[in-house]
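Trainee: If you scroll down you'll find the structure; I have some questions about it.
The values are calculated or read from the model by the stated rules, or taken from the named source; none is laboratory data. Values in this document were obtained by computation on a predicted structure and should not be read as measured data. Cβ atoms come from the backbone with ideal geometry, glycine included; neighbour counts cover every protein chain shown. To get the accessible areas, we keep the full protein, side chains included, count just its heavy atoms, and leave off ligands, DNA and RNA. Shrake-Rupley method; radii C 1.70, N 1.55, O 1.52, S 1.80 Å.
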Amino acid sequence: MIKWRVKVTINNKEYTIITNKSVAHVHLVAQTVNNQLNDLSELSNKMSKEDLAILMAVNAVSEQIDTHTKMIDLEKQVRNV
C-alpha cells in the first residue's frame, strides 16, 4: 500500500501527515479542522487551544457514532427487504 507524506497547516502550525489517503483528502481534512477550530474559537475566544481540541474530538466522535448507528439501521433495512 502506498503511503503519502502530506504537509498541512492546522491552527497556524505545520504538520506532516503520513497516510494512504489521497493528498486532496488530507487537505480537505485539514481545511475542515481549521474551519471547525475557527467556528469554536468565535463562540468563545477565552478557550485554550487544548479545550478547543477536546471539544473538536468530542464532536468528531459523536458524529462518528451517529454515522455508525445510521449505517447499522440501513443494513437492517436492507436485510429486511
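Trainee: List every residue pair whose Cβ atoms sit under 8 Å apart, with the two residues 6 or more apart in sequence or on different chains, where the first one lies in the range 31-48 and is touching a residue at least 12 places away in the same chain (Cβ under 8 Å) and the second, anywhere, is surrounded by 15 or more Cβ atoms within 10 Å (Cβ to Cβ) and in a helix (DSSP H, G or I).
Mentor: V33/M56; Q36/M56; L37/L52; L37/M56; L40/L52; L40/L55; L40/M56
Trainee: Of all residues in the range 31-81, count the ones that are hydrophobic (A, V, I, L, M, F, W, C), assigned to a helix (DSSP H, G or I), open to solvent by 70 Å² or more (accessible area, probe 1.4 Å) and farther than 26 Å from Y15 by Cα.
Mentor: 4
Trainee: Being in a helix (DSSP H, G or I), β-branched (V, I, T) and surrounded by 15 or more Cβ atoms within 10 Å (Cβ to Cβ) is the filter here, so list the residues in the range 10-30 that pass it.
Mentor: Listed by number, the residues that qualify are V26, V29.
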